[in-house]
Amino acid sequence: MRRMQTIVFVIFFMMIPVISGADNAVARHEIQVRIDPEQHSLTGEARITMPPGQARSIRTGGVTVTSVSVLGAAFTTDAKTGTITINAGSGPRVANIAFEVLYAPARASGREEGIEQANVVEPDGIALTGSWYPAVEGLSGYRLTALLPPGFEGISEADEVLVKERPDGSREFSFVFDHPVDGISLIAGKYRVRTVRHEGIDIVTYFFPEEEELVETYLDYTKKYLDMYSRLISPYPFKRFAVVENILPTGYSMPTFTLLGRDVVKLPFIVETSLGHEILHQWFGNSVYADHATGNWAEGLTTYLADHQYEEMKAGGWEYRKQILLSYRNYIVPENDVSLKDFVSRSDRATAAVGYGKTAMVFHMLKQEIGTDIFTRALREFFVKNRFARASWSDIQKACEDASGSDLGWFFKQWVEGRGALDFQIRDAMVRYEGSNARIFFDVKQEERKDRFLLPVVLRTDKEEIRKIFRVEKESASFEIETREHPLELIVDRDYDLFRTLSDDEAIPVISAILGDKDRFFVIPRGKEQEYAGLSGFLTTSGFAEKKEEAVTYDDIKNSSLLVPGDTDLIRRLFGQVALPEGDFSLVTRFSPYSNKNCIGIIRSASVAGMQAYLQRITHYGKYTTLVFRDGRNITKSTDTGERGIGMPLSEDVHGVSVPHLEPLSRIIEAVSGKDIIYAGEYHDQFDNHRVQLQVIRELYRKNKRLAIGMEMFQKPFQAVLDEYIAGTIDEKTFLKRSEYYKRWAFDYNLYREILLFARENRIPVIALNIRKEIVTKVSKGGLLALSEEDLKEVPGDMDLSDTEYQERLRESYAAHANPEGRNFDFFYQSQVLWDESMAHNLNEFMTKNPGHQVVVLAGGGHMSFGSGIPKRAYRLNRREYAVLLNAEDVEKGIADYVLFPSPVPFKETPKLGVQLKDDRGVVTITMVSPDSAAEKAGLRADDAIISLDSEKMAAVEDVKIHLFYRKKGDVVSVKVKRKRFLFGDREMEVKVML
Ligand SMILES: [Zn+2]
């Protein structure tokens, strides 16, 4: 069978006319092939004519050479594959090489899984784009003739395609292409062919019958792009352009055609972006060839003038550029960064972030540097001068220098040879008024680099925007802008014209931040190892390490990126109840609560089994924050917004309140009386604050008997004691002892006594809102993840740590306080959120069990201001209306519904002995006696152990506090102590202390 084919092949071969007309300085290839798709086989002969005087190497690539002759004489070579070297001679050297290839059936080798294969010969299609014939290296002439079975249409690089039908129905395709090129491809399939003529160019579509309805759209867009770039750069360099569907999932551009995968052409956005990109490659890449040895500029230039340009035309150019900066931030670390001169082609997202993204930004900055008109002129000259030749960055530099008349050596050195991105800071932005003018000053500082660049700045005033561009020439520079208006804000690089490091405020949580993190984990939900076992293969190949939910540490959350199923305690205790969009698979990306360099992807999937297919696809959606898929299709994709540009506020908006509108507390209580929850904040030690709270409670109770009081001062395990006290079944002293009031709350009970007496008299329920103090302390020392399973039983199941403004306010107050042990702020923050969340949850629990009750919440103002501590968390849980009243706070926008200004009220505080005490295994010991105190006057000393007060035995410090609570100033207390005496043994003594 095989021999038979060879005979046919020889006859076919003799009928081929010898081509002429190619350049004498380059090698010429005349290649004839015959393809049998059923057998996955190709047989052919290459006749290679090499210019005189040069020794040449012929690479045989992936083919099997069956015979070689040079100038008609048999040429013996041991190598059947690899390289054949032909010596130099005085005349042209002509080599004839017969070859054959048997391709592996593609279906057996994983084409279905999307594995990229350069060459396939299949009954349903032929795609030969890799090394598939013998050829000399470098730009050469080609003339290809292919004999294909009946029904097949052939495509290759061609200005013209000649077709001859043979008696058996097979057809011979000859491709006329008279330009030097690095290599050629051959594509064939049972296509429907459609040709239209447009502006002297044949536009041809080769689509499979199933996709025929797409033809009109592709023709329309192709015309549009050919027109667009013919006008922008220069007339289309060929006579023919074909859009060819491929059985492989490709997106290639070859001279005179683009090869788009079958699944690719069906995607609706391809005509809007990729098609234009591939068509623009006809100018840059396919007629001016990129010199890869000195850096491939063609992808970045094409991205800039295609993908980016299409967004720019829709006014979204700045967003596109910001995405480039985000990709660079997320995928590039110093170890994988390369300079543009070293970029050859994309092999992963990191190389794409540089070769496509950064390069596009460099062209953008080049355009800013020399101006749009000169930039366009330079591009045209560059194209015309280098058509059908290799061109390098220095050819681009030369064209730009010729067009602009300026020396751009520094620019290309900085951007093509150098690595990294601009990294500068804006410092000391300030305003000075001089006469009618405001002068705005600011400094630009580069810490590590000394780049030169044009800095675009917008000054926003109350009336207008002033735009300026400043030239930064060295590591630091000072600038100023003048205005007669009221300056509000300076915004640096608002449109992302610079390839620079993004500031933290500009960053956005996107999927690429997870995919680009070298420490990325997939979290296996607690107890579901079996269910998720099927994912492990995918996770390994995509670079995710597996981590059990219970093994996730604070460090993982702060310093790595995580993909986590949303239905886990881990997510519920980081972000509260995350509303994941409905779908078969959805993914929402959030910053880690402890760092906005790391992201957490929260997943919801209809089934674990279905998850893998979707996870595989998220790599194509790196720039999005939120994704939703249904029935295998993406139905939602969106990106959060961050700050636009580097903003520097110059003046805060000043706010004021109208003094005539100050209202009496009674009117304010009236105004909030319809709310379900009234938060009444306090400074714990200010008695007047508590009088305000009492007034709020009394007046609300007058209107509504179904009132309850929530108190921060009591901890949940003591709810039953509170209930007994309110019910009147225990007395106050018992209550103070059993609620451990003095062990758990540091402030004088007299501050709260009036409120609790009112509650007791009227049987108003009091809710112990707080969590057990020991747990909060543990978290502030070791973080939430240090809690034991036992502790976690008392911790709310969902907590939201993502209120960054609250975090910032706490950070400021944390920094303002001395921090001797160098504690971890994040742990402190977690303890505060735990505290707030516990109060919100306990409040919600009461309101759920007691529907119809209105609640007044008493807690420190810090747990209420701006709604951050308890109010918004309770609202997250129950959506109940609330009002916040704060005492003695600065009036700031959003801080509360009302800020009250109570005057000091006389307060009878509990008298003091003037000692510091500690509990020491059932013994109350004096640790310090205050100078001039009642205790000192009575002769008490440090180290004395207090046995009794007024004959009442003291077993704990709280006993002393409770005892004194029932004494008043001027009372005499009899204190019995045990004093240690050196050599003489302990002595008991009794002293009288006048309070
Ligand atoms: Zn491209």
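The values are calculated or read from the model by the stated rules, or taken from the named source; none is laboratory data. Worth saying up front: this structure is predicted, and the values here are computed from it rather than measured. All Cβ positions, glycine included, derive from the backbone under ideal geometry; neighbour counts span all protein chains shown. Each accessible area value is taken on the protein alone, full model and side chains, heavy atoms only, with ligands, DNA and RNA left out. Shrake-Rupley method; radii C 1.70, N 1.55, O 1.52, S 1.80 Å.
Considering (1) within 16 Å of the ligand (Cβ to nearest atom); (2) of a type in the set (D, E, K, R); (3) open to solvent by 20 Å² or more (accessible area, probe 1.4 Å), the lone condition that ARG390 does not fulfil carries the number (1). Filtering segment 50-77 to residues that are under 16 Å from GLU137 (Cα atoms) and in contact with an Asp or Glu (Cβ under 8 Å, 6 or more places away or on another chain) leaves SER57, ARG59, VAL63.
Scanning segment 774-801 for residues that are farther than 14 Å from PHE827 by Cα and not charged (D, E, K, R) returns SER788, LEU792, VAL795, PRO796, GLY797, MET799. Applying the criterion of being in contact (Cβ under 8 Å) with a residue 12 or more places away in the chain and charged (D, E, K, R) to the residues of segment 873-902, the residue that is farthest from ASN689 (Cα to Cα) is ARG876. Among the residues making up segment 863-921, those that are farther than 20 Å from LEU751 by Cβ, assigned to a helix (DSSP H, G or I) and not hydrophobic (A, V, I, L, M, F, W, C) are SER865, GLY867, PRO871, LYS872, ARG873, TYR875, ARG876, ASN878. Take ILE279 and tell me if it is open to solvent by less than 20 Å² (accessible area, probe 1.4 Å), aliphatic (A, V, I, L, M) and under 25 Å from the mean Cα position of the chain (by Cα). Answer is no for this residue.
Taken over segment 290-329, the residue count meeting the criterion of being within 13 Å of the ligand (Cβ to nearest atom) and over 24 Å from the mean Cα position of the chain (by Cα) is 9. Filtering GLY610, GLY642 for residues that are touching a residue at least 40 places away in the same chain (Cβ under 8 Å) and either open to solvent by 20 Å² or more (accessible area, probe 1.4 Å) or among the hydrophobic types (A, V, I, L, M, F, W, C) (or both) leaves a single hit, GLY642. Scanning segment 719-748 for residues that are surrounded by fewer than 19 Cβ atoms within 10 Å (Cβ to Cβ) and within 50 Å of the chain's Cα centre (by Cα) yields a count of 8. Being surrounded by 14 or more Cβ atoms within 10 Å (Cβ to Cβ), out of contact with any Asp or Glu (no Cβ under 9 Å at 6 or more places or on another chain) and free of Cβ contacts under 8 Å to residues at least 12 places away in the same chain holds for only one residue in GLU812, GLU845, GLU790, and it is GLU845. Would you confirm, using the coordinates I've provided, whether ILE332 is surrounded by fewer than 23 Cβ atoms within 10 Å (Cβ to Cβ) and away from the ligand (no atom under 14 Å from the Cβ)? Here the answer is yes, as ILE332 does meet what is asked.
LYS474 passes every criterion in (1) touching a residue at least 60 places away in the same chain (Cβ under 8 Å); (2) open to solvent by 70 Å² or more (accessible area, probe 1.4 Å) apart from (1). When the residues of segment 922-954 are narrowed to those that are part of a loop (DSSP other than H, G, I, E, B) and among the charged types (D, E, K, R), which ends up farthest from GLU990 (Cα to Cα)? The residue in question is ASP932.
Just to be sure before I move on: is VAL204 surrounded by 15 or more Cβ atoms within 10 Å (Cβ to Cβ) and closer than 29 Å to ILE97 by Cα in the structure I sent? For VAL204, the condition - surrounded by 15 or more Cβ atoms within 10 Å (Cβ to Cβ) and closer than 29 Å to ILE97 by Cα - is not met. Is it the case that ARG572 is modelled with pLDDT of 90 or more, among the basic types (Lys, Arg), touching a strand residue (DSSP E or B) at 6+ places or on another chain (Cβ under 8 Å) and within 30 Å of LEU810 (Cβ to Cβ)? Taking the combined requirement at face value, the residue does not satisfy it.
Candidates in segment 339-371 are the residues that are assigned to a helix (DSSP H, G or I), open to solvent by 10 Å² or more (accessible area, probe 1.4 Å) and away from the ligand (no atom under 16 Å from the Cβ); of these, the one that is nearest to GLN323 (Cα to Cα) is ALA350. Across segment 263-288, the qualifying residues are those that are in a loop (DSSP other than H, G, I, E, B) and charged (D, E, K, R), and the one among them that is farthest from the ligand (Cβ to nearest atom) is LYS266. Listed residues VAL431, VAL458; which is surrounded by fewer than 20 Cβ atoms within 10 Å (Cβ to Cβ) and touching a Pro at 6+ places or on another chain (Cβ under 6 Å)? The unique qualifying residue is VAL431.
Can you find a residue in segment 399-410 that is more than 16 Å from the ligand (Cβ to nearest atom) and closer than 15 Å to TRP297 by Cα? Yes, some residue in segment 399-410 is more than 16 Å from the ligand (Cβ to nearest atom) and closer than 15 Å to TRP297 by Cα.
Under 29 Å from the mean Cα position of the chain (by Cα) and open to solvent by 10 Å² or more (accessible area, probe 1.4 Å): is that true of ARG449 in this structure? Here the answer is yes, as ARG449 does meet what is asked. Quick check: anything in segment 185-197 surrounded by fewer than 18 Cβ atoms within 10 Å (Cβ to Cβ), of a type in the set (A, V, I, L, M) and more than 16 Å from LEU148 (Cβ to Cβ)? So far as segment 185-197 goes, yes, one or more of its residues are surrounded by fewer than 18 Cβ atoms within 10 Å (Cβ to Cβ), of a type in the set (A, V, I, L, M) and more than 16 Å from LEU148 (Cβ to Cβ). Of all the listed residues (PHE382, PHE424), the sole one being buried (at least 21 other Cβ atoms within 10 Å of the Cβ) and within 30 Å of LEU650 (Cβ to Cβ) is PHE424. When segment 589-605 is filtered for residues that are open to solvent by 40 Å² or more (accessible area, probe 1.4 Å) and more than 18 Å from LYS637 (Cβ to Cβ), the ones remaining, listed by number, are PHE591, ASN596, LYS597.
Just wondering, is there one or more residues in segment 706-713 that are open to solvent by 30 Å² or more (accessible area, probe 1.4 Å), out of contact with any Leu (no Cβ under 8 Å at 6 or more places or on another chain) and at pLDDT below 95? There is no residue in segment 706-713 that is open to solvent by 30 Å² or more (accessible area, probe 1.4 Å), out of contact with any Leu (no Cβ under 8 Å at 6 or more places or on another chain) and at pLDDT below 95.
Taking the listed residues LYS322, LYS314, the one that is basic (Lys, Arg) and either free of Cβ contacts under 8 Å to residues at least 60 places away in the same chain or open to solvent by 20 Å² or more (accessible area, probe 1.4 Å) (or both) is LYS314, with no other qualifying. Scanning segment 552-572 for residues that are open to solvent by 50 Å² or more (accessible area, probe 1.4 Å) and either touching a residue at least 12 places away in the same chain (Cβ under 8 Å) or among the aliphatic types (A, V, I, L, M) (or both) yields THR553, LYS558, ASN559, ASP567, ASP569, ARG572. Return the residues of segment 765-787 that are in contact with a Lys or Arg (Cβ under 9 Å, 6 or more places away or on another chain) and in a loop (DSSP other than H, G, I, E, B); say none if nothing qualifies. Correct list: ILE771, ARG772, LEU787.
Among the residues here, ASP959 qualifies as of a type outside the set (Ser, Thr, Tyr), surrounded by 13 or more Cβ atoms within 10 Å (Cβ to Cβ) and not in a strand (DSSP E or B).
Considering only residues in segment 243-262 that are in a loop (DSSP other than H, G, I, E, B) and open to solvent by less than 30 Å² (accessible area, probe 1.4 Å), the one that is nearest to the ligand (Cβ to nearest atom) turns out to be THR250.
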